[in-house]
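What follows is one structure encoded as structure tokens, with my remarks underneath.
The values are calculated or read from the model by the stated rules, or taken from the named source; none is laboratory data. Keep in mind that what you see is a predicted model, and the values were worked out from it rather than measured. Every residue, glycine among them, receives a Cβ derived from its backbone with ideal geometry; neighbour counts consider all protein chains shown.
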């Protein structure tokens, strides 16, 4: 397994170096030698501190848990401290956890960590770069006294996630949460429907693009927020300046040059250059990645889809769009030549607005109707309303939304009582069901996910239909198994390697673009996170005077 640390070497119980209160320092608690899970602390000279993201570390889940061996909800702090997916609230990050979770776990925690306390809170804010789970997925465990900060688009996305995420998932308790373990007047567990059930709302500051100034008196940093291009709308970078020492830090979050909003990243880099940062904290996702240019071996497609990491990768989102149009045109030409009508199926991230837009544009150019799954449809609709896509509200009316079978499978409203996304589109005039797609497969391009594969049994795509994989490659054993199962399903309907395609580009900087960005910004120091191979940074062509920081997890370092 990748990057597995022995339990004995887990750095949660860190011997932190306590520095003078007249210094600015940084400590990394998540995102080191791994993709995502960012948890970065900046401490100001007055002793107060902020988090830059507080994400979920998926590698721990992938190594130790699965869908039927979940993280225990009530013992999450006790379990997280032991296993390493949550940092111990020691010194710099004391007091960061929710009082209700701490109180319930405290006795068990003290059996293993007898000195540990959850008081003397120094963290004032969490600055959210964007709303992917590896950046926000552990916020739900944080003390509500810690305020949230994000861009205006990200706040809208957080509200969307709260509305359409299942209870208890990583997106469900970020803006508000129900206090656990409440006791009613009879001494029993209080029902959530009780009028006395306590709900805690977190304070959140939503920043307009290019905001510059104070957050509030409790924050010891001046803050600037810059939108950047990423695979999720609302992504942003932060410029921070300690009000006392005047030390300057730039945090990139996740970003790229090759999406449809390259101009945002370029504007950010120009401003960062003029900011003259003492420290640049940047993602390095694609450092050390294998990005093969050749398509897979058709004789062993399943294995190639696993082994050839990020094969057939396209340089830009526009290149992906052109490839999608080519594939859809190919299917149309097959129809003209007398073959049976072909359905086009595809998989992609449901909140990758650029990719959904690419599918829409490609379908429109070839006279196919794009059909999205309910949550993707609702998310894209929100982004259209917020002006985060080139699709107009009038054009959005051309998109259909697929209603899967739930419950008894008879399309009654009560079948969807536990599916908020399906419930929201149940009466939508753009709704489409399996039978209509089955009768007219050549008219549609249908989004597919692993969890709605059984809908293929109702749709019954014609033999030789096409599937487009438009997402990143499987990184884990579980993801590889899911991919293998998906391919088995396609094989049932005679969708074979000859009609399976790949069209994807990354949401992250290429190593070449990362190098150019660092050269342009020219910080005094640089720290790479969100990377499995940060050591490769030293092989890039960087100015000699830039100091590359190689931190240990939880170790405080003076900037």
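Considering only residues in segment 193-209 that are assigned to a loop (DSSP other than H, G, I, E, B) and at pLDDT 90 or above, the one that is nearest to residue 267 (Cα to Cα) turns out to be 209.
Yes/no matrix, rows are residues, columns are (1) under 19 Å from the mean Cα position of the chain (by Cα); (2) part of a strand (DSSP E or B); (3) farther than 19 Å from residue 465 by Cα:
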| position | (1), (2), (3) |
| --- | --- |
| 330 | no, no, no |
| 335 | no, no, no |
| 350 | yes, no, yes |
| 370 | no, yes, no |
| 376 | yes, no, yes |
| 383 | yes, no, yes |
| 388 | yes, no, yes |
| 394 | no, no, yes |
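When segment 88-101 is filtered for residues that are surrounded by fewer than 21 Cβ atoms within 10 Å (Cβ to Cβ), modelled with pLDDT of 90 or more and in a helix (DSSP H, G or I), the ones remaining, listed by number, are 99, 100. In the set 367, 354, 335, only one residue is over 26 Å from residue 442 (Cβ atoms) and in contact with a helix residue (DSSP H, G or I) (Cβ under 9 Å, 6 or more places away or on another chain); that residue is 354. Quickly run through segment 532-546 and pick out the residues that are farther than 28 Å from residue 484 by Cα and either surrounded by fewer than 20 Cβ atoms within 10 Å (Cβ to Cβ) or not assigned by TED's automatic domain parsing to the domain that holds residue 258 (or both). Listed by number, the residues that qualify are 535, 536, 538, 539, 540, 541, 542, 543, 544, 545, 546. Being more than 19 Å from residue 557 (Cα to Cα) and surrounded by fewer than 24 Cβ atoms within 10 Å (Cβ to Cβ): is that true of residue 232 here? When the stated conditions are applied, residue 232 passes them.
Scanning segment 210-234 for residues that are in contact with a helix residue (DSSP H, G or I) (Cβ under 8 Å, 6 or more places away or on another chain) and not in a strand (DSSP E or B) returns 228, 229, 231, 232, 233, 234. The residues in segment 415-445 that are more than 23 Å from the chain's Cα centre (by Cα) and closer than 28 Å to residue 160 by Cβ can be counted, and the count is 20.
Rundown of residues vs (1) farther than 13 Å from residue 54 by Cβ; (2) surrounded by 17 or more Cβ atoms within 10 Å (Cβ to Cβ); (3) modelled with pLDDT of 95 or more; (4) touching a helix residue (DSSP H, G or I) at 6+ places or on another chain (Cβ under 6 Å), yes/no style:
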position: 113; (1), (2), (3), (4): yes, yes, no, no
position: 120; (1), (2), (3), (4): yes, no, no, no
position: 145; (1), (2), (3), (4): yes, no, yes, no
position: 179; (1), (2), (3), (4): yes, no, no, yes
position: 190; (1), (2), (3), (4): yes, yes, no, no
